[in-house]
Number of protein chains: 2
Amino acid sequence: MNKITNIKRYHIAKVYRRDNPAMTRGRYREFYQCDFDIAGQYDPMIPDAECLKIVHEILSELDLGDFRIKVNDRRILDGMFAVCGVPDEKFCTMCSTVDKLDKMSWEDVKNEMVNEKGLAPEAADQIGEYVSLQGGMDLAEKLLQDPRLSQSKQACAGLTDMKQLFIYLQLFRLTTSLARGLDYYTGVIYEAVLTQSGPVPAPPQEQNGAAGEEAVSVGSVAGGGRYDGLVGMFDPKGQKVPCVGVSIGIERVFSIVEQKAEASAERVRTTETQVMVASAQKDLLEERLKLAAELWDSGIKAEVMYKKNPKLLSQLQHCEDSGIPLVAILGEQELKDGVVKLRNVASREEVDVSRVELVDEIKSRTLQ
Amino acid sequence: MNKITNIKRYHIAKVYRRDNPAMTRGRYREFYQCDFDIAGQYDPMIPDAECLKIVHEILSELDLGDFRIKVNDRRILDGMFAVCGVPDEKFCTMCSTVDKLDKMSWEDVKNEMVNEKGLAPEAADQIGEYVSLQGGMDLAEKLLQDPRLSQSKQACAGLTDMKQLFIYLQLFRLTTSLARGLDYYTGVIYEAVLTQSGPVPAPPQEQNGAAGEEAVSVGSVAGGGRYDGLVGMFDPKGQKVPCVGVSIGIERVFSIVEQKAEASAERVRTTETQVMVASAQKDLLEERLKLAAELWDSGIKAEVMYKKNPKLLSQLQHCEDSGIPLVAILGEQELKDGVVKLRNVASREEVDVSRVELVDEIKSRTLQ
């Protein structure tokens, strides 16, 4: 892979997935995804913890409501299946059945395991006990003492890493819980789900692909994990590059944010423009362009309408529609007086501001 | 096109081009491009002027050295060919011959026109006169008075728009010159070329595709123009959406910036990280993570090494290599005193800063 052995990067762009007929309702092969990944050979759980910190930061910042981050480790799942007596070749299919607990009752899941997939009922019952558990550091410690699970070297390795992860996450002031996870990754696995009540947006159209085709649950907005085997598959010499990453379901997040805004009758701002340079009379295009250039040169995000003689009303309407907060209005009187009429779009208040003070005034009014 | 009739957008991403065997030396089908475009029905030359303003801003900001922006209009070229007696069906091929004036002498260009492409020698001589002209507003006005060229309605329309464009560009305090342009666009055409002397970087690998496959000249770093016909080609009803845009040859710009940096032995900063949280002794990973989280939460771009016990020297070396300007060093003494040793990587100066003042100190030292 171009000899790159470590990299930390993010990416917001279109990605593509193999289409899965069972999942086609509203899910497209091409969709936007926001990914963050850390590749490289590092000490255990440090980059993994940073990925979770970033998911937490993003979801908190976006103000989507309450959410919960669930973590697990592939090795704990595998070890759990092993000690419950699931044959190796059935791990994968059991995993996908267990994952249906989000949408099905335990009885139905057990029925699928036993009657469709041929698992012994006692094995299914043992699995049922484990997958009902939830908790943090306390649960990891309890499971490490579990007489059955502690027999599995794999499970112990996974649980030890989980404990380490919880320690780092406490330093980052994050709370996560150990929970049933997704079959995909080689080590740590995580998923963030919204837990708020209230109107839940439309079906998850664009669940992040990296979290696995089967990973859709109503409130899922992010997922990820460790995929130490993937890069090596594409390296001619099979050289491994350990990776851990996270995907934010950005289209999903957008639809939630938009629905929230609609519900609150709040206008979604579709522009970063701070000020519209408008004219109150005809034949002031050149004056508008000159002022816009002055503002641009001072780092202000300004816009003008690309019309020679736009109506003042349509200039103001454009600001209302797109959420531009300020309008700098030029008229003959203003030009004569060396001022600009600065209008607050929301309150409709207007004050004359001298040209020399305009940049500072706009900056102070549009500080985030 | 999804019923979008106006949009203003930029895009820095991979684009693809049909490969042209004559141009394959170092040019790839997949390359990065930075595009800015304005689509929509607007009054003449206003969005066009904004595109040029943006090219000028970008190239000035990047500090690539002197550059020149050349503009022209497809209709002036077509009109010029018409009044010089070039048959309609030969416009395209003449245009590409004329474009070779960057690399060939006028004699060779004339030879190709006359002997290879069958143009009358007098027609070629007339073209030669026009294409040797350069200038701004003055030239546009002179050409509008030109007894021959003013016979062409097309040329007059193009020249009138050019004059209008020059007026807007003067308001933006830009200087451009009317010059021979590229065969591609429907109206205004422009190209930015570096004019600095000194070491010219490697062959233009990644000239922007939008400026036309033939548009490569040694110093060309940006190009664009009006393409009012393109969107309609893809609309089922043939509805036209006028567009004007510009492409920055971003890979080209990168290689210039890198070469300049190498020449000046200046290190190219490959990260935005403001501070590295480092430890001077063993077993301080958790303290490093805690401090990093504090800094992140205050909006500081901080990094830690993903190792339990990295050597101080390797932490400092990483900062030197990637251009991180500051290191916040934690040791047992610092933790006891409630301070951090803040090290300036370049000067190697170290001062103790109290934890409560650390964020402000880092912010004040890393202000751009």
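Laid out as a table, the results:
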{"quantity": "Over chain A: helical MRE at 222 nm, DSSP H runs n ≥ 4 each giving -39500 (n - 2.57), nearest 500", "calculated": "-11500 deg cm²/dmol"}
{"quantity": "Entries of A:Lys53/B:Lys336; A:Lys301/B:Lys8; A:Lys53/B:Lys311 with Cα pairs more than 18 Å apart", "calculated": "A:Lys53/B:Lys336; A:Lys53/B:Lys311"}
{"quantity": "Inter-copy label distances at A:Lys8 (7 Å, Cα→Cβ; nm, one decimal)", "calculated": "3.6"}
{"quantity": "Separation in nanometres of the label points that stand 7 Å from Cα toward Cβ, at B:Ala280 and A:Arg18", "calculated": "5.5"}
{"quantity": "Segment B:Arg348-B:Gln41, extension gain: residue separation times 0.36 nm, minus the distance between their alpha carbons", "calculated": "104.8 nm"}
{"quantity": "Whole-Hz ³J(HN,Hα) from phi, Karplus 6.51 cos²θ - 1.76 cosθ + 1.60, for the stretch B:343-356, glycine and proline x", "calculated": "10, 7, 4, 5, 8, 6, 6, 10, 9, 7, 10, 5, 4, 5"}
{"quantity": "Exam field: A:Ser60 pseudo-label spacings to other copies (7 Å along Cα-Cβ), nanometres", "calculated": "4.1"}
{"quantity": "Net charge contributed by nearby residues that have their C-beta within less than 13 Å of B:Lys240 (K/R +1, D/E -1)", "calculated": "0"}
{"quantity": "Over the stretch B:7-263, relative contact order from alpha-carbon pairs under 8 Å, at least 6 apart, %", "calculated": "29"}
{"quantity": "Closest approach to the axis - chain A beta-carbon, rotation onto B, Å", "calculated": "A:Ala13, 3"}
{"quantity": "For A:Leu101, inter-copy label distances in nm, listed shortest first [label point 7 Å out on the Cα-Cβ vector]", "calculated": "7.7"}
{"quantity": "Order of B:Met305, B:Met137, B:Met94, B:Met104 - criterion: other Cβ atoms within 10 Å of each residue's Cβ, fewest first", "calculated": "B:Met104, B:Met137, B:Met305, B:Met94"}
{"quantity": "Proxy reagent accessibility, fewest Cβ within 10 Å first, across A:Tyr16, A:Tyr42, B:Tyr168", "calculated": "A:Tyr16, A:Tyr42, B:Tyr168"}
{"quantity": "Estimated FRET transfer efficiency (A:Glu116, A:Asp88; beta-carbon r; R0 22 Å; 0.05)", "calculated": "0.70"}
{"quantity": "Relative contact order for the stretch B:39-192, counting Cα pairs under 8 Å that sit 6 or more residues apart, in percent", "calculated": "45"}
{"quantity": "Value of relative contact order over the stretch A:275-365, rounded to a whole percent, pairs C-alpha under 8 Å and six or more apart", "calculated": "29"}
{"quantity": "Segment B:Met233-B:Thr271, length gained on full extension (0.36 nm per residue, minus Cα span)", "calculated": "9.4 nm"}
{"quantity": "Charge tally in the Cβ shell below 10 Å around A:Glu287, where Lys, Arg are +1 and Asp, Glu are -1, A:Glu287 excluded", "calculated": "-2"}
{"quantity": "Label point distance in nm, A:Asp360-B:Lys308, each placed 7 Å from Cα along Cα→Cβ", "calculated": "5.7"}
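Computed from the coordinates by the stated procedures, all read-outs in this text should not be read as laboratory data. Keep in mind that what you see is a predicted model, and the values were worked out from it rather than measured. Note: ideal-geometry Cβ built from the backbone for every residue, glycine included; neighbour counts use all protein chains shown.
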